[in-house]
Amino acid sequence: MDIDNTRIAVIGLGYVGLPLAVEFAKKYPVVGYDISTPRIQELRQGKDSSLEVEPEELAKVSMTYTDALDDIRDCNVYIVTVPTPIDEYKSPDLRPLISASRAVGQIIGRGDVVVYESTVYPGATEEDCIPVIEEVSGLRFNQDFFAGYSPERINPGDKEHRVTTIKKVTSGSTPEVADFVDALYGSIIVAGTHKATSIKVAEAAKVIENTQRDVNIALINELSLIFAKLGIDTEEVLKAAGTKWNFLPFRPGLVGGHCIGVDPYYLTHKAQAIGYHPAMILAGRRINDGMGQHVAGQTVKLMLKRSLTVNGGRALVLGLTFKENCPDLRNTRVVDILAELESFGMNVEVWDPWVSTAEAQHEYGITPIAEPAPGSYDAIVLAVGHRQFVEMGIDRIRALGKSGAVVYDVKYLFPTAATDGRL
């Protein structure tokens, strides 16, 4: 395999695929493929609605964008970067991955390599994806075509940790392919690569990265539940404990997004399929998935203590995205706060200057307001730490509420004494 003759197709141009395609396009011929025609159209116009790649950076690279499968037939390396979500039953939803594999099967040729970046459970690449390619293409795995796995490590909205500055795990279906995949990524990743001993090892490494964070956050979330009942401020406890050199600096909060709130379910699915019940991981998931209801419940308690109107009252939730300073709505757990407050009979509005109204409506049936009216709310929940909210300051935020309104700070944006409650 000759790296100098590599022609790359990146399949899926979202938060993961587009930044990767841009970096590869600086050294190799690249075609970006996505099934979304509007997405292709905006990229052809030099715009990225995910805000991961600046227009100036898009303009610097020569790359073709297409929604036509035939346009990537002449490539010899296919990198799959489609989403791997969970369904309503919290089971892995491999439909985008299988669909992408079927598309690759229609165009892959002899000697070509397909590399998966999507987060999966150990074994998914070779047991679920490759058979689809074999069936559609009529080619034989590791004889006619080959595979690699190099899990994405994109952190949406993070302008410091980018594709090239994060060490990359690589793997291949044969020793020769592993070397090729490692060299290919190594040619653009300045932080270096780590060549795993097998595809399954690389898959497992990815899925435990976020499972570890999920379990750690779950511990802190559970501690915050305990401290709330004891009347102790969680942040003050964590500050005190953090004076020890090896205390891990985790904070309580909502755990959503495309990684931490999803990946553990891929691992637990595989564990249960082989007859093992992953008690700790699932317990952590239950705790983290319940934090939105806890925030809403605490807010309502504070309102009742002040004799504020709950049933029929008005609440404002600041932020809808799963994290600060990015427009990513995937698996946001802010929706749990909204639903729980509404279950108490409250009229809830959400304000988020980062989100697309159309996307919020499409994904969750939620229509964010353009701007809140001052003096209108009985409760205000600071759910996401967008810089705009920090810059407003606590006085302007309080002014959005009625006299005596409750302000609950999920993200520790302001000092303890400045708000009425927080995790």
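The values are calculated or read from the model by the stated rules, or taken from the named source; none is laboratory data. Computed from a predicted model, the values in this text were never measured in an experiment. No Cβ is skipped: glycine too gets one built from the backbone with ideal geometry, and neighbour counts run over all protein chains shown. Side chains included, ligands, DNA and RNA excluded: accessible areas come from the protein's heavy atoms. Shrake-Rupley method; radii C 1.70, N 1.55, O 1.52, S 1.80 Å.
Assorted remarks:
- Springs between Cα atoms under 10 Å define the GNM used for the chain, and in it the highest mean-square fluctuation of T321, T84, T367 occurs at T367.
- Helix 387-398 axis, angle to the chain major axis (alpha carbon atoms, nearest 10°): 10
- Here r is the Cβ-Cβ distance between T416 and Q106 and R0 is 41 Å; the resulting FRET efficiency, rounded to 0.05, is 0.10.
- Extension gain for the segment A59 to A339, taken as residue separation times 0.36 nm less the Cα-Cα distance, is 96.6 nm to one decimal.
- Nearest-20 debye value, the stretch 1-66 charge dipole, Cβ charges on Lys, Arg, Asp, Glu: 180
- Rounded to 5, percent antiparallel among DSSP beta bridges of the chain: 5
- Once both labels are positioned 7 Å from their Cα atoms along Cα-to-Cβ, the gap between D4 and K301 label points is 6.9 nm.
- Helical content alone sets the calculated 222 nm signal of the chain at -12000 deg cm²/dmol, taking -39,500 (n - 2.57) per DSSP H segment of four or more residues and averaging over every residue.
- Per residue accessible area of the chain, 1.4 Å probe, in Å²: 44
- For the pair T37 and L248 in one chain, pulling the backbone fully straight at 0.36 nm per residue adds 71.5 nm over the alpha carbon distance.
- The dipole here belongs to the stretch 303-423: it is taken about the Cα centre, uses +1 on the Cβ of Lys and Arg and -1 on the Cβ of Asp and Glu, and is about 380 debye.
- Relative to one another, the C-alpha centroids of the stretch 368-384 and the stretch 72-114 are positioned 42 Å apart.
- Simple spin-label estimate for A279 and N311 gives 4.2 nm between the two label positions (7 Å along the Cα-to-Cβ direction from each Cα).
- Cβ crowding within 10 Å averaged over residues, with 180-187, 255-262, 347-354, 145-152 ranked highest first: 145-152, 255-262, 180-187, 347-354
- By definition, a body whose alpha carbon gyration tensor gives a ≥ b ≥ c is oblate when a/c is 1.5 or more and a/b is not larger than b/c, and the stretch 1-120 fits this oblate description.
- For the peptides 286-299, 164-177, residues were scored by their other Cβ atoms within 10 Å and the scores averaged per peptide; the highest-first order is 286-299, 164-177.
- Label zone at K159 (point 7 Å along Cα-to-Cβ), backbone N below 12 Å, the stretch 15-56: 52-55
- Global form of the stretch 158-232, assessed from the alpha-carbon gyration tensor, a/c cut-off 1.5: oblate
- Overall, the accessible surface of the chain at a probe of 1.4 angstrom is composed of carbon and sulfur to the extent of 52 percent.
- Contour minus Cα-Cα distance for V190 and T357 (0.36 nm per residue): 56.4 nm
- Shape call, the stretch 211-363: gyration tensor on alpha carbons, a/c limit 1.5: oblate
- Just checking the listed ones, K200, K90, K270: in the Gaussian network model of the chain with Cα springs under 10 Å, the one fluctuating most is K90.
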